[in-house]
Amino acid sequence: MLKIILRYFATIVMSLVLFTKSFYSFAQNKPSSGGSGNYTKLVWQDEFNKNGMPERDKWNYDTGFIANHEIQYYTSGRKENIQILNGLLDITAQNDSLIVNGVIHPVTSARIKTQGKQSWTYGRVEVRAKIPSSMGTWPAIWMLGNNITTVDWPSCGEIDIMEHVGFMPDTLHFNEHSATTDKGTRIYYHSPGKDFHIYAIEWFPDRIDWYFDGKKVFTYVNDHTGSASWPYDKAQFLILNLAFGGDWGGSKGVDILSLPQHFYVDYVRVYQ
């Protein structure tokens with residue numbers, strides 16, 4: 001009798017495990033709530049479930065000092081600045097005085113991109129992330145046109161899925177930049193860095209919609225005047241980074257003593 005009871009409970013437990021796994025897989029293959037419902041086929045993802053460095057077949061690194069007079073030096077494959085741990089990508093800005101080729105770089109961080117690996121034209125890009133917030137932090141989830149190597153910025157087009165600057169702790173920014181336009185919006189949200197949130201765009205031939213936790217917050221419409229204002233008919237790649245200081249992030253000063261700061265990313269999913 002005892003064996004029968006144990007077998008019965010074992011069957012129930014296994015059924016629950018299989019159901020949970022099936023539900024989890026189903027949940028991962030569908031966009032989060034909100035949105036148009038037009039993009040539902042998962043074509044690319046990174047769930048950051050394997051501890052270690054980001055997968056090299058999905059991500060490349062930018063290294064050194066890149067732009068905007070930012071303070072941080074971007075490193076490549078350095079666990080102090082980037083690693084996957086317990087299901088999260090952790091991009092960390094450090095005040096650690098790294099020495100590279102005999103030069104001291106007081107602040108370090110990381111910037112990864114899908115350039116050269118994967119890019120997309122139209123679709124839904126969805127990222128669940130928890131941002132840092134201190135004077136000087138400037139986390140971003142954004143995209144650039146593949147043709148940046150031939151037409152340069154901003155003619156390639158830039159889609160800022162989310163930007164945040166630490167001196168505006170309760171404000172989130174959603175923008176686009178092209179050769180002739182700089183349009184976007186900002187929303188008030190109290191302490192967005194306290195929790196994870198879902199940042200997404202839905203990109204169509206006639207418009208780009210921005211979403212925050214399933215709510216549409218901005219739309220940029222194709223005015224059909226040409227590529228100067230609408231370069232968004234060509235493929236773009238994705239970038240995740242944590243900058244510190246710079247023309248915007250540091251415009252009200254920086255707090256070096258607030259470092260380290262962490263930019264956590266739970267997942268990145270692209271639907272078409």
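In whole Hz and in residue order, list the ³J(HN,Hα) couplings for the range 115-131 that follow from phi through the Karplus curve 6.51 cos²θ - 1.76 cosθ + 1.60, θ = phi - 60°; x for Gly and Pro.
For the range 115-131, the Karplus-derived couplings read 4, x, 10, 7, 8, 9, 10, 6, x, 10, 10, 10, 9, 9, 8, 10, 8 Hz, x marking Gly and Pro.
As a test of the formula, what do you get for the chain when each DSSP H run with n ≥ 4 contributes -39,500 (n - 2.57) and the sum is divided by the residue count, at 222 nm and rounded to the nearest 500 deg cm²/dmol?
Taking each H run of at least 4 residues, the total per residue is -4000 deg cm²/dmol.
For the chain, which whole percent of the accessible surface, found with a 1.4 angstrom probe, sits on carbon and sulfur atoms?
Carbon and sulfur together cover 56 percent of it.
Is the shape of the chain best called rounded, prolate or oblate, per the rule: a/c under 1.5 gives rounded, else a/b larger than b/c gives prolate, else oblate, with a ≥ b ≥ c the square roots of the Cα gyration tensor eigenvalues?
In terms of gyration-tensor shape, oblate.
Classify the range 50-194: rounded, prolate or oblate, from the alpha-carbon gyration tensor (a ≥ b ≥ c, eigenvalue square roots; a/c under 1.5 rounded; otherwise prolate if a/b is larger than b/c)?
In terms of gyration-tensor shape, rounded.
Using a 1.4 angstrom probe and counting only protein chains, how large is the accessible area of Val254 in Å², to 10?
Counting only protein heavy atoms, Val254 exposes about 60 Å² to solvent.
In whole Å, how far is the Cα centre of the range 105-176 from that of the range 84-98?
First find each Cα centre; the distance between them is then 17 Å.
Whole number in Å², please: accessible area per residue of the chain, 1.4 Å probe, ligands, DNA and RNA not counted.
So the chain comes to 48 Å² accessible per residue, rounded to a whole number.
Hey, what does the equivalent ellipsoid look like for the range 115-264, semi-axes from the Cα gyration tensor as sqrt of 5 times each eigenvalue, largest first, whole Å?
Gyration-tensor ellipsoid for the range 115-264: 26, 17, 14 Å.
By the scheme Lys and Arg +1, Asp and Glu -1, what is the net charge of all other residues having a beta-carbon under 13 Å from that of Lys79?
Local net charge: -2.
Kindly sort Glu163, Glu80 by accessible area of their heavy atoms, largest first, with the probe set to 1.4 Å.
Glu80, Glu163
Rounding to the nearest 20 debye, state how big the charge dipole of the chain is about its Cα centre with +1 on each Lys and Arg Cβ and -1 on each Asp and Glu Cβ.
Taking the Cα centre of the chain as origin, the dipole is about 1200 debye.
Sequence-distant or interchain residues sharing an amide H contact under 5 Å with Thr171, placed H: which?
Long-range HN contacts for Thr171: Tyr189.
Using only Cα atoms, find the angle between the long axis of helix 2-28 and the longest principal axis of the chain, and express it within 0 to 90 degrees, rounded to the nearest 10.
The two axes meet at around 20 degrees.
Rounded if a/c is under 1.5, else prolate if a/b is larger than b/c, else oblate: which is the range 162-209, with a ≥ b ≥ c the root eigenvalues of its Cα gyration tensor?
Oblate, since a/c reaches 1.5 and b/c is not below a/b.
In whole Hz and in residue order, list the ³J(HN,Hα) couplings for the range 170-186 that follow from phi through the Karplus curve 6.51 cos²θ - 1.76 cosθ + 1.60, θ = phi - 60°; x for Gly and Pro.
Each residue of the range 170-186 in turn: 9, 10, 10, 10, 9, 9, 9, 9, 9, 4, 10, 9, 9, 10, x, 8, 9 Hz.
The values are calculated or read from the model by the stated rules, or taken from the named source; none is laboratory data. Fair warning: this is a prediction, and the values are worked out from it, not measured in the lab. Cβ: placed from backbone, ideal geometry, glycine included. Neighbour counts: every protein chain shown. Ligands, DNA and RNA are stripped out before the accessible areas are found, and what is left, the full protein with its side chains, is counted by its heavy atoms. Shrake-Rupley method; radii C 1.70, N 1.55, O 1.52, S 1.80 Å.
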